[in-house]
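Beneath this line is the structure, given in structure tokens, with notes to follow.
The values are calculated or read from the model by the stated rules, or taken from the named source; none is laboratory data. Source: prediction; values computed, not measured. For neighbour counting, all protein chains shown are included, and Cβ atoms are generated from backbone atoms with ideal geometry for every residue, glycine included.
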Amino acid sequence: MEGCGEDGQVKLLGVAHSPFAVRVRIALALKGIHYEFIEEDIYNNKSELLLQSNPVHKKVPVLIHNGKPICESMIIVQYIEEAWGSKAPFLMPKDPYDRAIARFWAAFVDDKFTPSVWGVLMGEGEEQVKAVEESVANLLLLEEVLSGKAYFGGDEIGLVDIALGGVLIGVQMIQKVTHTVLIDTQKMPLLSAWAHKFCKANGMKEVLPDPAKLFELLSERRAKLTSPPAGN
Amino acid sequence: MAVEDCEPKGQVKLLGTSQSPFVVRVRIALALKGIHYEYIEENLQNKSPLMLQSNPVHKKIPVLLHNGKPVCESMIIVQYIEETWSSKAPNLVPKDPYDRAIARFWVAFVDDKVGPCIRGIFMGRGDEQQKAVEELVANFLWLEEALRTSGKAYFGGDEIGLVDIALGSRSQWIKILEKVTNIVLIEPEKMPLLRAWMERFLEADGVKQVLPDEAKMLEFASAIRARFAAAPAGN
């Protein structure tokens, strides 16, 4: 659906099931911004538009607002918040200290949590056990951060919710593919409740990836690993 | 020298180490904004209780403590400084959302791409090192292009901004790396703007006063490199 009008022209280049595109779609959905979604074939045939818009990394997602490209999912989310700064809901707190804390935990999700979960999918034997421990430890930290709030952002979805929410279905499917438990309902009651609430929030259903499809893709990814001979 | 001070906006402390470019970033931002603070040198082999309490997740420096509340991660701290003291010139972050997104993009580029290459050149040998050099040069060419597009003295425009602070803080390390490895990383003929920018940045008011002593840095760098060069070569 082509987006035009008071929001200007908004296009999003991405891969629909990728957590990074999902994050941007969540932000656009929350702000009620109309846009054209362009699915990219990033493995075989990147579009001219993508190569022109992100010549440095040649990666998705890329948001193109009135012809001007913005790259990197969390940078795009902050851009959406700032460019549509008067449109509720507000994805970032107003207070500078709270903003710093939000950015800290969003960076934590990207720099620590996501790699540890990827390690669970791609790891084997001891390596995988270590990745599971790390992922659980990271989740326990996030559980603590959530304490007493509906969302990381407070009463409404914010930056950290979007950062984590984008990878949530992926995490759930990785658990299934690898037969591990990462979001433990007993150890992490708040996170478990958050995950449930997040998926049911307004507009999320349309933008979150299809779990079955993601399960298939992640299974294929794992299956491609060639198992080394048993032993160290 | 630790000078305890109370800013109109409260008490500011910075935990850091003298060699870290990440700490330098924060010191530059504080200097540019004219903010008084107490600097506390940390010993990373023996981290203080204050450091461990203030950054329990990563146990790293820099940590800014503003009225006792800790802020971690160098570029998050710099943005915090800008937003808290937003009425104090200079402005380190552009006003326009699009320009901000571009600034953040290049900051991420410096940390995600330039940083690992510097590490790779420093620690690596032979082919590995050569690969890191090629990658770093390619990354610098992108930054040269960004400067050419902006047409201004700094990435931030007429004044130092986020990207200048992110990349500039590593400038000393880049120069030292060139000395220690005998490889020219920012060739003046290929990257005249970047070379000129670096010299300008290192001499700028607010920057030159907070840079670690170059001789000490060279000594520190040579020692680390010698340690790695002495280790048995492996593939």
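Taking the options A:E134, A:E144, A:E127, name whichever one is more than 14 Å from chain B (Cβ to nearest Cβ) and part of a helix (DSSP H, G or I). If you could, list the steps in order and put the result at the bottom.
Values: A:E134 fails: more than 14 Å from chain B (Cβ to nearest Cβ); A:E144 fails: more than 14 Å from chain B (Cβ to nearest Cβ).
Within the list A:E134, A:E144, A:E127, the selection yields A:E127.
Do we find a residue being facing another protein chain (nearest Cβ under 9 Å) and part of a loop (DSSP other than H, G, I, E, B) anywhere in the stretch B:108-120?
no
In the stretch B:188-204, which residue that is free of Cβ contacts under 8 Å to residues at least 12 places away in the same chain and part of a loop (DSSP other than H, G, I, E, B) is surrounded by the fewest Cβ atoms within 10 Å (Cβ to Cβ)?
Out of the qualifying residues, it is B:E189.
Here is a list: B:Y37, B:Y80. Which entry is surrounded by 20 or more Cβ atoms within 10 Å (Cβ to Cβ), under 18 Å from the mean Cα position of the chain (by Cα) and of a type in the set (F, W, Y)?
Numbers: B:Y37 fails: under 18 Å from the mean Cα position of the chain (by Cα).
Result of the check over B:Y37, B:Y80: B:Y80.
A:N66 is checked against (1) surrounded by 14 or more Cβ atoms within 10 Å (Cβ to Cβ); (2) touching a residue at least 12 places away in the same chain (Cβ under 8 Å); (3) within 14 Å of chain B (Cβ to nearest Cβ); (4) not small (G, A, S) and fails just one. What number does that condition carry?
Unmet condition: (1).
So which of A:E72, A:E82 is under 23 Å from B:D99 (Cβ atoms), within 12 Å of chain B (Cβ to nearest Cβ), under 17 Å from the mean Cα position of the chain (by Cα) and of a type in the set (D, E, K, R)? Steps first, please.
Numbers: A:E82 fails: under 17 Å from the mean Cα position of the chain (by Cα).
Result: A:E72 is the single residue among A:E72, A:E82 that is under 23 Å from B:D99 (Cβ atoms), within 12 Å of chain B (Cβ to nearest Cβ), under 17 Å from the mean Cα position of the chain (by Cα) and of a type in the set (D, E, K, R).
State yes or no: is B:K9 within 14 Å of another protein chain (Cβ to nearest Cβ), in contact with a helix residue (DSSP H, G or I) (Cβ under 8 Å, 6 or more places away or on another chain), modelled with pLDDT of 95 or more and surrounded by fewer than 17 Cβ atoms within 10 Å (Cβ to Cβ)? Reasoning before the result, please.
On the way: within 14 Å of another protein chain (Cβ to nearest Cβ): yes; in contact with a helix residue (DSSP H, G or I) (Cβ under 8 Å, 6 or more places away or on another chain): yes; modelled with pLDDT of 95 or more: no; surrounded by fewer than 17 Cβ atoms within 10 Å (Cβ to Cβ): yes.
Here the answer is no, as B:K9 does not meet what is asked.
Within the stretch B:43-71, restricting attention to residues that are assigned to a loop (DSSP other than H, G, I, E, B) and crowded, with 21+ Cβ neighbours inside 10 Å, which residue is farthest from the other protein chains (Cβ to nearest Cβ)?
Going through the qualifying residues, I end up with B:I61.
All but one of (1) at positive phi; (2) within 13 Å of another protein chain (Cβ to nearest Cβ) hold for B:G34, so report the exception by its number.
(2)
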